[in-house]
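Coordinate-derived values only; no laboratory data. All values reported here derive from a predicted model rather than from experimental measurement. Neighbour counts run over all protein chains shown; Cβ positions are idealised from the backbone, glycine included.
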Amino acid sequence: MRFQLLTAFLFGMLPGLKAQHSKKMENNKQDIAVMTSLLEDYYFKGIYEGNMDLLNQVYYGGTLLFGDVKGQPYAKTLDQYLDGVKNRQSPKDSGKLFNGEIISINIVNTIAIAEVMVKMYDFNYHEYLSLHKLDGRWLIVNKMISDVNQ
């Protein structure tokens, strides 16, 4: 009798568990679509054009940037980074090659990691962008870069 009750209970719960998993997968697909747009339409485009309005929409104000460029340590605050982007000739204006590519996006609840490649000037940056969903918006909260010279 106990076995039958336990079996009935478990079979009764399975559809609910599957529905929760399905809803979570659906939410991840929506969030991945949002992040793909954020990266392509704001992040990559903002870097390419040197567009501060676009870049300010994707970064959290306290974002820190770390890594290495041409073998040298790289550490900047968001303000330092944006000042550099603002005061350099943009890849668009230089007429030089630019390519931004999303390699992967992994989400756990309200945090995510996007792995991207950014090729510009003589650099080939392999980047890991940490994102957090704050007030319903995905924002970059940390950026790790390495110039991989490929």
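Return a whole-number percent for the relative contact order of segment 34-88, with Cα pairs under 8 Å and 6 or more residues apart as the contact set.
Computed over segment 34-88, the figure is 27 percent.
Please arrange L38, L139 by counting, for each residue, the other beta carbons lying within 10 Å of its beta carbon, fewest first.
Sorted ascending by nearby Cβ count, the order is L139, L38.
Around S130, under 13 Å between beta carbons, what's the net of Lys plus Arg minus Asp minus Glu among the other residues?
Surrounding charge for S130 is 0.
Could you list the square roots of 5 times each eigenvalue of the Cα gyration tensor of segment 31-88, that is, the equivalent ellipsoid semi-axes, sorted largest first and rounded to whole Å?
21, 14, 12
Pairs of Cα atoms under 8 Å, at least six residues apart: use those to get the relative contact order of segment 53-135, whole percent.
Contact order relative to length: 17 percent.
Sort V85, V108, V58 so the one with the fewest other Cβ atoms within 10 Å of its own Cβ comes first.
V108, V85, V58
Mind scanning K29/K76; K29/K92; K29/K96; K45/K76; K45/K96; K96/K133 and naming the pairs with a C-alpha gap bigger than 24 Å?
Over 24 Å apart, Cα to Cα: K29/K76; K29/K92; K29/K96; K96/K133.
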